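The structure appears below as structure tokens.
The values are calculated or read from the model by the stated rules, or taken from the named source; none is laboratory data. Quantities reported herein were computed from a predicted structural model and do not represent experimental measurements. Cβ placement follows ideal geometry from the backbone for every residue including glycine, while neighbour counts extend to all protein chains displayed.
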Amino acid sequence: MSDKKPKRRDFLFTASYAVGAVGAAAVVWPLVDQMNPDASVKALASTEVDISSLTPGNTITVLWRGKPVFIRRRTQEEIAEARSVKMEDLIHPEKDEDRAKNPEWLVMLGVCTHLGCVPLNDKGDYNGWFCPCHGSHYDTSGRIRKGPAPWNMEIPKYEFVNTNTIKIG
Amino acid sequence: MSDHEYTPKSKAGKWFNDRLPLLTLANHLTDYPTPKNLNYWWTFGGILTFCLITQIVTGLTLAMHYIAHADMAFESVEHIMRDVNYGWLIRYIHANGASMFFLAVYIHIFRSLFYGSYKSPREIIWIIGIIIYLLMMAAAFMGYVLPWGQMSFWGATVITNLFSAIPLVGEGIVTWLWGGYSVDNPTLTRFFTLHYLIPFLILGLVVLHIWALHVPGNNNPVGIDIKKPSKDTVPFHPYIVIKDGFALLMFMIVFAFFVFYAPNILGHADNYIEANPLVTPAHIVPEWYLLPFYAILRSVPDKLLGVVAMLSAILILAVLPWLDTSKIRSAVFRPLYKQFYWILVADVLILGYMGAMPAEGLYLLIARVATAYYFLHFLVILPVLGLKERTIPLPLSITEPVLGGSPNMAMAKKKESKPE
């Protein structure tokens with residue numbers, strides 16, 4: 001700015017502002033972080049679901065961390081349809097084999113990746129799901145095919161505890 | 001602030017005023033010189049102040065009975081409707097009051113657009129107004145979440161998810177806003193807190209809005225600078241007070257019609273179903289006052305760009321004083337701008353209608369054309385028009401066109417020719 005050499009006082013000013021800024025940030029952080037998920041919310045991390053009554057071609061919806069999870073027992077046609085799709089036709093390319101380890105069972109978050117609505121079963125142009133809010137179409141693997149959603153529906157972490165029980169989370 | 005020194009008449013008044021000049025302020029407000037040609041479109045400032053006070057008073061009383069908890073919110077609203085004395089009346093005034101507030105603010109904004117009230121030297125008034133408008137939308141949105149019905153829940157889900165479009169940090173921001181992994185109790189309690197806070201922020205900004213207005217004084221339908229005080233002005237009290245009062249009375253008739261005869265016509269039946277995180281209602285639609293922006297959001301087939309377009313549609317208003325290159329304020333003297341103004345009004349109404357319709361087929365096509373036109377108006381038409389348009393010569397004073405246009409021409413002539 002000016003040609004003057006910095007003085008002791010300029011150094012003191014800069015040092016005071018710097019310490020003040022760090023102090024202010026340290027005070028603001030707890031006020032911001034208190035809005036993040038608290039310990040009790042984080043504790044509700046996993047859910048076990050009984051799937052013994054589910055027949056092929058049907059879906060159940062369960063609540064996990066406040067969000068719906070679709071568990072669909074797919075028919076052979078649906079599996080064949082999902083696996084025959086070419087990768088270049090997909091907006092968010094993912095193999096069906098990677099999305100459903102056990103091809104009969106598709107477990108995914110029933111949350112549209114556009115703005116978070118719950119898509120409807122057995123609807124849309126690709127025989128999978130259709131989101132009524134803004135018109136996103138998903139296929140039988142829950143992959144986005146048409147509409148504003150940017151990604152496929154998310155696959156949560158899950159495992160088969162035994163043949164009749166799935167543990168989500 | 002005042003243009004002349006003011007001394008209270010009473011001794012006690014003088015003693016008080018020397019220590020805190022509140023009486024000087026009151027005197028400034030009553031004597032405030034106002035253009036004498038203000039029409040009824042200028043009464044909406046007063047009407048909006050009334051709306052804000054109404055929302056604060058009814059909101060405070062509702063808060064005495066409402067419970068901000070996901071398990072009890074829906075029931076407590078029904079309790080207000082059925083058990084609390086006059087609870088139905090207070091809640092219907094508050095809910096319809098939000099719609100009336102937006103009705104008035106849209107008229108107020110479009111009045112500014114027509115008469116160029118946003119132009120120099122009134123840019124700061126305009127920008128404060130846009131901030132107030134943004135806060136109004138935030139307050140209305142969060143207020144709509146509080147009854148914890150289906151529309152509340154899914155509206156909250158969709159709007160908060162808009163932030164997930166931000167690259168990298170989007171998901172983190174949404175989780176932070178929710179206080180969890182979905183819209184739930186922590187979301188409800190913080191929305192209640194913010195819904196309570198925002199009206200007072202608006203109140204503060206309204207004071208700044210009026211303060212900034214009182215520096216250059218009101219614009220007027222002719223849009224020319226006037227000397228104040230002069231023959232072209234009248235004192236605010238009683239002239240404007242009585243005119244504003246009459247307009248407010250007319251406005252209250254409309255308000256009362258909705259409250260007493262059609263209290264739910266502007267709402268959605270789905271919001272009388274308690275929030276269910278497993279089922280999204282078949283048609284989720286925001287309140288009418290947000291529909292044009294919702295149509296813009298949906299007309300862009302990309303998530304991030306859709307959100308950017310919607311926010312730009314609002315924020316573009318903040319830079320309007322610099323996009324409009326014309327020095328002439330009032331559309332009365334801008335024959336081409338006047339036509340584009342009405343096309344814009346029609347465009348926004350069309351966007352609003354498309355926002356309420358499903359986003360497919362012809363509706364989507366029309367919404368896309370209307371969205372493109374909206375931005376074309378502000379980014380291309382306004383800057384070019386200011387440079388190319390041939391405007392009508394401005395009168396020298398407010399009085400001149402009044403006398404010139406008088407049916408009694410002879411009298412007007414006589415007055416004009418009378419030597420000073």
Handout entry: helices (runs of 4 or more DSSP H) contained in region A:11-108 and holding at least 3 residues closer than 20 Å to A:VAL161 by Cβ
Key = none
Practice task
Could you tell me which numbered condition B:SER152 fails, if it satisfies all but one of (1) surrounded by fewer than 23 Cβ atoms within 10 Å (Cβ to Cβ); (2) more than 13 Å from chain A (Cβ to nearest Cβ); (3) within 18 Å of A:CYS117 (Cβ to Cβ)?
Solution key: (1)
Handout entry: Residues located in region B:268-287, provided they are under 21 Å from the mean Cα position of the chain (by Cα) and within 18 Å of B:LEU364 (Cα to Cα)
Key = B:VAL285, B:PRO286
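Restricting attention to region A:139-152, which residues are touching a Lys or Arg at 6+ places or on another chain (Cβ under 8 Å), crowded, with 18+ Cβ neighbours inside 10 Å and within 14 Å of chain B (Cβ to nearest Cβ)?
Listed by number, the residues that qualify are A:PRO148, A:ALA149, A:ASN152.
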Problem - Residue under evaluation B:TYR337, criteria (1) touching a Ser or Thr at 6+ places or on another chain (Cβ under 8 Å); (2) at pLDDT below 95; (3) not in a loop (DSSP other than H, G, I, E, B), criterion not met - result: (2)
Problem - Pick from region A:65-77, criterion at pLDDT 90 or above and buried (at least 19 other Cβ atoms within 10 Å of the Cβ), ranking: nearest to the other protein chains (Cβ to nearest Cβ) - result: A:PRO68
Practice task
Show the residue pairs that are 6+ apart or on different chains and have beta-carbon atoms under 6 Å apart, the first residue being within region B:299-323 and farther than 30 Å from B:ILE125 by Cα, the second being among the hydroxyl-bearing types (Ser, Thr, Tyr).
Solution key: B:SER299/B:THR371
Handout entry: Matching option when the condition is more than 13 Å from chain A (Cβ to nearest Cβ) and either under 25 Å from B:ALA139 (Cα atoms) or in a helix (DSSP H, G or I) (or both), among B:VAL345, B:VAL307
Key = B:VAL345
Fill in the blank from the handout: Every listed condition ((1) within 12 Å of chain B (Cβ to nearest Cβ); (2) of a type in the set (Lys, Arg); (3) touching a residue at least 40 places away in the same chain (Cβ under 8 Å)) holds for A:LYS123 save (3)
Problem - Residues within region B:274-304 that are surrounded by 21 or more Cβ atoms within 10 Å (Cβ to Cβ), at the interface with chain A (Cβ under 9 Å from one of its Cβ atoms) and among the small types (Gly, Ala, Ser), tallied - result: 0
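On the given criteria, is B:LEU315 in a helix (DSSP H, G or I), loosely packed, with under 15 Cβ neighbours inside 10 Å and either out of contact with any Gly (no Cβ under 6 Å at 6 or more places or on another chain) or of a type in the set (Lys, Arg) (or both)?
yes
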Completion exercise
Being within 17 Å of B:LEU266 (Cβ to Cβ) and either not acidic (Asp, Glu) or not assigned by TED's automatic domain parsing to the domain that holds B:GLY45 (or both) narrows B:GLY155, B:GLY129, B:GLY87 down to just B:GLY155
Handout entry: Considering residues of region A:153-167 that are among the charged types (D, E, K, R) and within 14 Å of another protein chain (Cβ to nearest Cβ) only, the residue surrounded by the fewest Cβ atoms within 10 Å (Cβ to Cβ)
Key = A:LYS157
Problem - Extreme residue, modelled with the lowest pLDDT, among residues of region A:128-138 that are within 11 Å of chain B (Cβ to nearest Cβ) and buried (at least 24 other Cβ atoms within 10 Å of the Cβ) - result: A:CYS133
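One line per residue, one yes/no per condition, for (1) touching a Pro at 6+ places or on another chain (Cβ under 9 Å); (2) acidic (Asp, Glu); (3) closer than 28 Å to B:ASN185 by Cα; (4) surrounded by 10 or more Cβ atoms within 10 Å (Cβ to Cβ):
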residue: A:ARG8; (1), (2), (3), (4): no, no, no, no
residue: A:ALA18; (1), (2), (3), (4): no, no, no, yes
residue: A:LEU31; (1), (2), (3), (4): no, no, yes, no
residue: A:MET35; (1), (2), (3), (4): yes, no, yes, yes
residue: A:ASP38; (1), (2), (3), (4): yes, yes, yes, yes
residue: A:ALA45; (1), (2), (3), (4): no, no, yes, yes
residue: A:ASP50; (1), (2), (3), (4): no, yes, yes, yes
residue: A:SER53; (1), (2), (3), (4): no, no, no, no
Exercise for the section: Looking at (1) out of contact with any helix residue (DSSP H, G or I) (no Cβ under 6 Å at 6 or more places or on another chain); (2) in a loop (DSSP other than H, G, I, E, B); (3) surrounded by fewer than 22 Cβ atoms within 10 Å (Cβ to Cβ), find the lone condition where B:SER117 falls short. Expected result: (3)
Fill in the blank from the handout: Pairs returned, first residue in region B:159-175 that is within 9 Å of another protein chain (Cβ to nearest Cβ), second residue that is not hydrophobic (A, V, I, L, M, F, W, C), beta-carbon separation under 6 angstrom, 6 or more apart or interchain, are B:ASN161/A:GLY116; B:SER164/B:GLY170; B:SER164/B:GLU171; B:ALA165/B:LYS303; B:VAL174/B:THR160; B:VAL174/B:SER164
